[in-house]
1. Looking only at region 221-257, which residues are in a helix (DSSP H, G or I) and more than 20 Å from the chain's Cα centre (by Cα)?
2. Would you mind stating whether residue 245 is surrounded by fewer than 19 Cβ atoms within 10 Å (Cβ to Cβ) and polar (S, T, N, Q)?
3. Every residue in region 500-530 that is buried (at least 19 other Cβ atoms within 10 Å of the Cβ), hydrophobic (A, V, I, L, M, F, W, C) and free of Cβ contacts under 8 Å to residues at least 60 places away in the same chain, please.
4. Assess whether residue 156 counts as being in contact (Cβ under 8 Å) with a residue 60 or more places away in the chain and over 29 Å from residue 303 (Cβ atoms).
5. Mind checking which residues of region 441-467 are in a loop (DSSP other than H, G, I, E, B), touching a strand residue (DSSP E or B) at 6+ places or on another chain (Cβ under 6 Å) and surrounded by fewer than 17 Cβ atoms within 10 Å (Cβ to Cβ)?
6. Suppose we filter 225, 220 for residues that are within 30 Å of residue 94 (Cα to Cα) and at pLDDT 95 or above; which single one remains?
7. Scan region 84-106 and report the pairs whose first residue is in the same structural domain as residue 122 (by TED's automatic domain parsing) and under 16 Å from residue 127 (Cα atoms) and whose second residue is among the hydroxyl-bearing types (Ser, Thr, Tyr) and crowded, with 20+ Cβ neighbours inside 10 Å, with Cβ atoms within less than 7 Å and a gap of 6+ or a chain change.
8. Can you find, within region 425-440, the residue that is surrounded by the most Cβ atoms within 10 Å (Cβ to Cβ) among those that are touching a Gly at 6+ places or on another chain (Cβ under 9 Å) and not in a strand (DSSP E or B)?
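The values are calculated or read from the model by the stated rules, or taken from the named source; none is laboratory data. Keep in mind that what you see is a predicted model, and the values were worked out from it rather than measured. Positions of Cβ are generated from backbone atoms using ideal geometry, with glycine treated the same way; all protein chains shown enter the neighbour counts.
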Amino acid sequence: MGSMRGTVAELVRERWDDHRPGLWFEGRTLSHHRVAAGAAARAALLADLLPPGAEPHVGVLLDNTPEYPMWLSAAALAGAAVAGINPTRRGPELARDIRHTDCRVLVTERVHLPLLDGLELPGVRVLVTDTDAYAELLSSYEGLRPDASSATASDRLLLYFTSGSTGAPKAAICTQGRLAAAGRSLVDHFGVRRDDVHYICMPMFHGNAVIADWAPALAAGAGIALRRRFSASGFLADVRACRATYFTYVGRAVQYLLATPARPDDRDHALRLGFGTEAGAVDAAAFQRRFGVRLVEGYGSSEGGAAIQWTPGTPSGAIGRAAPGDDLAVVDPATRRECPPAEFTDAGRLLNGSEAIGELVNRGPNPFEGYWRNPEAEAARQRDDGYWTGDLFYRDTDGFLYFAGRTDDRLRVDSENLAAAVIESILARHRHAAAVAVYAVPDPVAGDQVMATLALHRGPASFDPLAFAEFLLSQPDLGTKMAPRFLRIVERMPVTATNKIHRVRLRREGFRCADPVWWRPPGESAYRRLREADVRELTAQYRARGREHLLPADGDAAQGRGTAQGPGR
């Protein structure tokens, strides 16, 4: 990696004296030069604020405002790291994130100040960006030129939290060298040009927005447009206003866009590409038909340990093949042996899921850089001379890889292993399905049963159990054990702060929840409402076999009442 292009700091410095429009936000435009000058001022301020001997970490608790990319750039110039703080965290959990990452400076804005009330944050200096005091503080550093000479490729630049189904979020490390390389790789892969504009509407405390959206724009000298928070109803107006050409998405964002009313001018924009995860083949095709924009589904583990690239010729439903330099294998975690290739029927049904589905492991060199002060989590990822992603896949005979969910999204029904993502892709074909989540609930005797949560375009009252059963019978690739035993019908799918379906909560609540639940009693093919008497009888069956402890407590279900929500429309 060359010294001139090896750091993010150098990429920031290259934008000095570049007076083209570089950043769009709420009707304002800043030049690349002004952003670089702002980064230089903040880098100098940070150097003065950090106590001697302190870790060079700055916490950023902001919406997607211009301050966010300027503080990322400032940290790069200063050889420091940004810890992206999730504003949906609360109380002790929020304080834990700030303290765990050793932030001695916390950058926030007035709208988030109530989150800090009463928190124990000893030794943390708080800067509030939308105040006169902050503007006055920065004024002392105006006119400084970006200096990238002291930054190195091995400097930590990001501490971004990744969460699993259990335990506190882990802070993954990303260095300047890795982020710069990731940006250049996406520039080459997607042909990013200097006159492109990247629309950043996913939250910047998440790795997706920084690594897949901001970094390639910076590497190419392209512009960025910021949205404070994702808005489906504001999406097209934003991309038209700044002539955005590229955007990234995660989770349910694409479904929210498709749920907006169709208009004759839906193709009146400059967008040519969307890059992200979890849109699904059905919604990706619908998005291209309506908006004329191709969506590319990619895969990269949050920590950087493995990547899969889409290439022309990738079959429908597949993510792609291993990125150059990766030695990816699908491995049975129990035996540590590589899984056999997937076998399909002519209709595309996976025949040998129990044998073919395994955990994706990168057995070659990988850029995983560890977790901040969490050796146990690092050891779980790096073992047996490989990087274990925690994600389930299967591979066809041509080497194309298909996503099958997280390791905790595997179901074992009547001794057969099933993958939640495979069932979800089938249920998503239902014409009224706005969102689908599939997960395991315990069987009263052994193993699991399939439960699905559906959000319907026309609302819960439109659910037709007979029509749904007929839909299932018409799906040629739906295996005999894949049909859901329980169906939870919701107004809106519960999501996390990054628009991903909140599967942990759905699993925790199970079928004893506040929303309407339909079920197929054993031996029956029709769905009927699950009544309180049914719940009591089922609970007695679990109790009789010593499995009642596997069910969520009634209090867990009560916590879910009325909390299903998505981002603003």
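1. Step one: list which residues in region 221-257 are in a helix (DSSP H, G or I), which gives 235-242, 253-257.
Residues satisfying the conditions are 236, 237, 238, 239, 240, 241, 242.
2. Working: surrounded by fewer than 19 Cβ atoms within 10 Å (Cβ to Cβ): no; polar (S, T, N, Q): yes.
No, not satisfied.
3. 513, 517, 518, 519, 530
4. On the way: in contact (Cβ under 8 Å) with a residue 60 or more places away in the chain: yes; over 29 Å from residue 303 (Cβ atoms): no.
The answer is no for residue 156.
5. To start, the set of residues in region 441-467 that are in a loop (DSSP other than H, G, I, E, B) comprises 443-447, 457-459, 463-464.
Right, trim to touching a strand residue (DSSP E or B) at 6+ places or on another chain (Cβ under 6 Å) and you get 443, 447, 457, 463.
Selection gives 447, 457.
6. 225
7. Correct list of pairs: 84/160.
8. Taking the candidates together, the pick is 425.
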